[in-house]
1. Tilt of helix 288-303 relative to the longest C-alpha principal axis of the chain, in degrees (0 to 90, nearest 10)?
2. Could you name the aspartates and glutamates whose alpha carbon sits less than 15 Å from that of K328, not counting residues in the same chain fewer than 8 places away?
3. Give me the distance between the Cα centres of region 256-329 and region 352-372, rounded to whole Å.
4. Of the heavy-atom accessible surface of the chain (probe 1.4 angstrom), what whole percent is carbon and sulfur?
5. In debye, nearest 20: dipole of region 229-270 around its Cα centre with unit charges on the Cβ of K, R (+) and D, E (-)?
6. How much length, in nm to one decimal, is gained on full extension between K228 and Y27, taken as 0.36 nm per residue of separation minus their Cα-Cα distance?
7. Just the number please: accessible area per residue for the chain, 1.4 Å probe, all protein chains included, in Å².
8. Rank these residues by their accessible area, most exposed first, probe 1.4 Å: T375, T16.
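The values are calculated or read from the model by the stated rules, or taken from the named source; none is laboratory data. Only a predicted model underlies this, so the values are computations on that prediction, with no experimental measurement involved. No Cβ is skipped: glycine too gets one built from the backbone with ideal geometry, and neighbour counts run over all protein chains shown. Calculation scope for accessible area: heavy atoms of the full protein, side chains included, ligands and nucleic acids excluded. Shrake-Rupley method; radii C 1.70, N 1.55, O 1.52, S 1.80 Å.
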Amino acid sequence: MLLTLKQASQWASNHTNKNVTSANITYLIQYGRIESVVDNGVTLIPMQSLEDYYSLNRRETRWKDALGDDLNWTLSFEKVKEAETTKHVHRLHPYKGKFIPQLVAYFFDSHTDDFKRETHFRPGDVVLDPFCGSGTTLVQANELGMHAIGIDVSAFNAFISNAKVAAYNLTHLYEESQKITIALRNFVAASGVIEFETQLAEKLTDFNNQYFPSSFKRQVRMGEINQKQYGAEKGALFLEDYHKLVAEYQIDTQMPTASARFMKQWYLPGIRAEIDFVHNKIHKVKDISTRKALMLILSRTIRSCRATTHADLGTLREPVTTTYYCRKHGKVCKPLFSILNWWSRYCKDSVQRWSEFSRLKTDTVQHCLTGDARTVDIFTLLRHVDSQLAEIAQKQRIKGIFTSPPYVGLINYHEQHAYAYDLFGFKRLDELEIGPLFKGKGRVARESYIHGVAEVFKNCRRFLADDYDVFIVANDKFNMYPTIAEIAGMRIVNQHKRPVLNRTEKNREAAYSETIFHLKEKRN
């Protein structure tokens, strides 16, 4: 029995008791999860293929077998769509290692779950995130009527967080973004890149239709095709056409040595010229808040335009200046030669997201401080940058913390946004990161991590209310948090082990969990 995309989405929605859209089914087809056939231009899906996929995809039983029966499946938020986990400003800018807003809301909002018996935070409270990252806690605090303070050693992280919760004249922002878009379009048109990319895209479409049909990914998954060998052969086959077009349109693809600054090392010359063009236009915008918003949009744009493969966008390996076989998409792809489409798309998307959030915002105050959370005097520094929030926080004290410290040896938090530090001139403080990737996960690194995180919470205790609550999201595979709590003068009063679904890593189907530790003041 064959189903249309609409019929397949309806069947899957009924089967899973959640909203499965036609786009979700198309995604599964694209990545070879389910089979499809094309009949007179209509995509059809065998019922058996759907049943096989969704029966094997009952994750709760499989994950509890792998991770233990103490897994709190309620905290998986399995039925929450991606559009909700990335709602409004939460998707303004990519950021590794952030938690979903529903997790914050669960512990902040007493109405989130009927079975909850305790309310730790109430509207009007002040909450703190000393590892603020991209500002998820701050955004959700605003949405739920709470004041919030963030701290982050990364100046760019603080910039992202504050840009998300700031107030804007959205009409003015949209108008300024469109002026820059028009100017950029004229700049690109004069370079000949548009014609080059049009010709290249047409040739790639014909080539991929011939050598990478819709059945290709399925054949790879079934072991009928050696993806690495076949992809390399066909990728090399297309290079002759690519080089002819580069020569015909005189496209500069020369890149400097690896010792060059990030912007020169990871962006093709034409891309760099367009980035500089937009950057200069932004600096001419008089309104400061509009200028900051445009800077965030530009940062989001240039992150998507690095000269790397689609599969390596998160972890750069080496610059790519030619077409290549793409493991992610199962076909030959090309590097980007212009930022125009991404800039235009992100301008519209960002204004829309700020607009959506503006309708939910409450009359509360949030701010992320740039500093070392182990030593920063929160109230003193806050008085210099946000006197209103400083007055509220000092009067009420901080009711508690919701945070996710960096995972030991996993991410270099400054390096993941190196392009922004290079272009915007933010000061880097890599040496103050706790548990960065470059220090590894060995015994010495773990001991340094334990004392670093503990010192953060010891410092923050000075500013907390007497009966505070601290919630820490962590995958504690090295069992460090009991020691961290002890050193910080706190005690673990509860633990919530949650499955982490829909991760972006390549092994996203593997069972994985993290724990939310609930800490309070240690009894004498």
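1. So the inclination is approximately 50 degrees.
2. D312, E505
3. A separation of 26 Å, based on Cα centres.
4. On the way: 12150 of 25260 Å².
The computed percentage sits at 48.
5. 260 debye
6. 70.2 nm
7. On the way: 25260 Å² over 524 residues.
Accessible area per residue, the chain: 48 Å².
8. Details: T375 100, T16 35 Å².
Order by accessible area, largest first: T375, T16.
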